[in-house]
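Undergrad: Take a look at the following structure, please.
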Amino acid sequence: MGVIVLGACAAWALITATAHDGRPEGVLLAVLAVAAGYASGRILGALLPVAAPCAGALAGLGLALTAAHTTPGPQVTTPLGHGGATAALLALSTGAACCAAWAARRPAQRLALSLLAVGIVVSAAVLGSTTGCAAGAGVLLCSLAADRMRRRALGLGGLALATALVTGATWAVAENALPDGLTAALEGQLTEHRVLLWRDALHLTGHHPAFGVGPGRYGELSPTVTQSLLPDGKPHSAPWQQAAEQGLVGVALLAAVFCWVLYALWRSPRSTTIALTAGAALTALAVIASLGNALSFTTVTAGAGLLAGLATARPLADEDLESVLDAEDQTPRNLLEP
């Protein structure tokens, strides 16, 4: 299923690029990063179910710290630009550390990895990444709540609903469909510039609902981008970038990728706690991507695929244990046979 969904995303990017002379390289690189990260996560999660997510958490934290030192200060506090990528990496790192803690069997290891997760959230606060701190704290709380939940389908459904509500809220803000007071409050948090970018994306979608304007061409056609002093050519919202550049089919494919990840977590052989923790971290990424351009960074898309792969891998140690238990269960029966 994952091959079909990711393959459809790559194929549709090529189709829309051909129709409007677009540049599909960014979409193809993102698809490749997700696929490579997911495959690596499945392999590493099977071989090293505790060490692999721990290493991933440390690597994500290191990348976030490096990005913070190479990015101007004001951008770190909002989901716009590099700040969104930093917040996404911190959320994914927190989720990976929590997954490693729940996978550990020894109490000392579990305590150390739990402290690592808390340390990542504290690091986000020290860096000044308000979004990253809030996302990491949310992942921590969801991870603790997941330990008491036995039906993962209910939890994953709630995460999907939360993502849909945030995406709907961005549409309502862009369409000015909310009460004036609430719209003004949200625009104050999101900035007027970002809302104007979303409105340009919706305007382009309305004129090109089927194929969009072509991958990579939003910046050429958006009045807000052309009037900006430091334009980056992005609408700073993954759903609205897909809608503007690849039409409604592109939005459906983006939603299909997220639903496939949730379905893979539902079918995961790992514990419900690990599946829901990874789902919470990926939902935090989806929320950040709805408000910024975090998915434009290869490290973020690869990290998302890696975490999904780690949370859906079947550890070989568990298979060996099941084989031993099966052999022990068969021994009494074999002795009783004539």
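The values are calculated or read from the model by the stated rules, or taken from the named source; none is laboratory data. Quick caveat: nothing in here was measured; it's all calculated off a predicted structure. Cβ placement follows ideal geometry from the backbone for every residue including glycine, while neighbour counts extend to all protein chains displayed. The area values use the complete protein model at the heavy-atom level, side chains included, leaving out ligands, DNA and RNA. Shrake-Rupley method; radii C 1.70, N 1.55, O 1.52, S 1.80 Å.
Undergrad: Calculate, for residue 65 and residue 36, the FRET efficiency according to 1/(1 + (r/R0)^6) with r their C-beta to C-beta distance and R0 35 Å; round to the nearest 0.05.
TA: Result of the calculation: an efficiency of 0.90.
Undergrad: May I ask you to list the residues of the range 261-277 whose amide nitrogen lies under 13 Å from a point 7 Å from Cα along the Cα→beta-carbon direction of residue 314?
TA: 267-270
Undergrad: Using all alpha carbons of the chain, what is the percent of pairwise distances in each 10 Å bin, ordered from the shortest bin to the longest?
TA: 6, 25, 32, 22, 9, 3, 2, 1, 0
Undergrad: Let me ask something else. Rounded, prolate or oblate, given the Cα gyration tensor of the range 110-190, with a/c below 1.5 counting as rounded?
TA: Here the range 110-190 falls in the oblate category.
Undergrad: Still on this structure: If you find the alpha carbon centre of the range 220-279 and of the range 159-198, how far apart are they in angstrom?
TA: Here the answer is 16 Å between Cα centres.
Undergrad: Further question: Diagonalise the Cα gyration tensor of the range 173-322 and give the resulting equivalent ellipsoid semi-axes, square root of 5 times each eigenvalue, largest first, whole Å.
TA: 35, 17, 14
Undergrad: For residue 191 and residue 118, what is the calculated FRET efficiency with R₀ set at 35 Å and r taken between the beta-carbons, to the nearest 0.05?
TA: After rounding to 0.05, the efficiency reads 0.70.
Undergrad: With the calculation restricted to Cα positions, what are the radius of gyration and Dmax of the range 205-268 in angstrom?
TA: Reported Rg and Dmax, both Å: 14.4, 48.
Undergrad: I've got another one for you. Give the range of the longest stretch in the chain that excludes all trypsin sites (Lys or Arg not before Pro) found in loop regions by DSSP and having at most 14 other beta-carbon atoms within 10 Å.
TA: Value returned for the longest uninterrupted segment is 152-266.
Undergrad: Once you place label points 7 Å from the Cα toward the Cβ at residue 162 and residue 177, how far apart are they in nm?
TA: Between residue 162 and residue 177, the label points sit 2.3 nm apart.
Undergrad: Moving on. Taking 0.36 nm per intervening residue step and subtracting the Cα-Cα distance, what contour gain separates residue 15 from residue 226 on full extension?
TA: 73.3 nm
Undergrad: Something else now. List, in order, the whole-Hz ³J(HN,Hα) value for each residue of the range 259-270 obtained from phi through the Karplus relation with A = 6.51, B = -1.76, C = 1.60 and θ = phi - 60°; use x for Gly and Pro.
TA: Running phi through 6.51 cos²θ - 1.76 cosθ + 1.60 with θ = phi - 60° gives 5, 5, 4, 5, 5, 5, 5, 5, 8, 5, x, 6 Hz.
Undergrad: Show 221, 306 ordered by accessible area, largest first, where the area counts protein heavy atoms only and the probe is 1.4 Å.
TA: Ranking 221, 306 by accessible area, largest first, yields 221, 306.
Undergrad: What is the Cα centroid distance between the range 1-39 and the range 104-148, reported in whole angstrom?
TA: Each part's Cα centre sits 32 Å from the other's.
Undergrad: Quote the relative contact order of the chain in percent (integer), defining contacts as alpha-carbon pairs under 8 Å separated by 6+ residues.
TA: Computed over the chain, the figure is 31 percent.
Undergrad: Kirkwood hydrodynamic radius of the range 121-253 from all distinct Cα pairs, in Å?
TA: 16.8
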